[in-house]
Amino acid sequence: MAFRKASALCVAALAALVLGAACSHLPGMGSKASTSPSAGAGPTGSPLARASGALDAQVPMPPGFPSDMPVYGNARLTAGASFTSTGQVAWGMEWESLDAAAKVQAFYVKQFGQGDWTLNPSNTTAGSFAATIARKSNSHDTGTLAINTDGGLTKILLSLTSQS
């Protein structure tokens, strides 16, 4: 039962990311190619990385994303969107890294063991990891984290919902 729930959450996370990636190509939604004068600038004015090698172009962090959520430092945010509905906000995010999945997984296991977030692994295999996440201080802040390797590229997929 727990595996089916975690699998359903992973499917929901992936659906949110696909929708987020699709929305990221709309004007004004963090598109990867833009002709506006501010193209390539993040919300703080710092330039965003262009596609290079195996990594896709970087997109800006969606508004309101929790600043205390652990984010792997050697990864590039390549898709991200937020959605607000019926008193909840949801984020769908995808990062890419050239680091091994085991290194990324170790980071998240350590970081979620500290602070206000918990990590409950649901599926771990070679090159893949899935877990549910939750905020300790607010049980309404929940989501899923998945780490997958595709060739030499590690993808970090995060789906998070919170009461707004």
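Just checking, how many residues over segment 91-111 are within 11 Å of the chain's Cα centre (by Cα) and under 15 Å from Ile133 (Cα atoms)? Total meeting the criteria: 3.
When residues in segment 118-140 are screened for being under 21 Å from Thr86 (Cβ atoms) and surrounded by 19 or more Cβ atoms within 10 Å (Cβ to Cβ), 1 of them pass. Can you confirm whether Thr154 is part of a strand (DSSP E or B), modelled with pLDDT of 95 or more and either surrounded by fewer than 21 Cβ atoms within 10 Å (Cβ to Cβ) or polar (S, T, N, Q) (or both)? Yes, satisfied.
Counting just the residues of segment 48-90 that are in a loop (DSSP other than H, G, I, E, B), among the charged types (D, E, K, R) and touching a residue at least 24 places away in the same chain (Cβ under 8 Å), which one comes out farthest from Ala134 (Cα to Cα)? Filtering segment 48-90 for residues that are in a loop (DSSP other than H, G, I, E, B), among the charged types (D, E, K, R) and touching a residue at least 24 places away in the same chain (Cβ under 8 Å), the one farthest from Ala134 (Cα to Cα) comes out as Asp56. None of Ser162, Ser97 is under 21 Å from Ala54 (Cα atoms) and polar (S, T, N, Q) except Ser97. Please verify whether Thr35 is more than 17 Å from the chain's Cα centre (by Cα), modelled with pLDDT under 95, at positive phi and not small (Gly, Ala, Ser), treating the condition exactly as stated. So Thr35 does not fit the description; no. Report yes if some residue within segment 91-107 is in contact with a Gly (Cβ under 8 Å, 6 or more places away or on another chain), touching a residue at least 60 places away in the same chain (Cβ under 8 Å), surrounded by fewer than 14 Cβ atoms within 10 Å (Cβ to Cβ) and assigned to a loop (DSSP other than H, G, I, E, B); otherwise report no. No - not one qualifying residue is present in segment 91-107.
The values are calculated or read from the model by the stated rules, or taken from the named source; none is laboratory data. Because the structure is a prediction, the values reported are computed rather than measured. Counting neighbours? That spans all protein chains shown, and the Cβs are built from the backbone with ideal geometry, glycine included.
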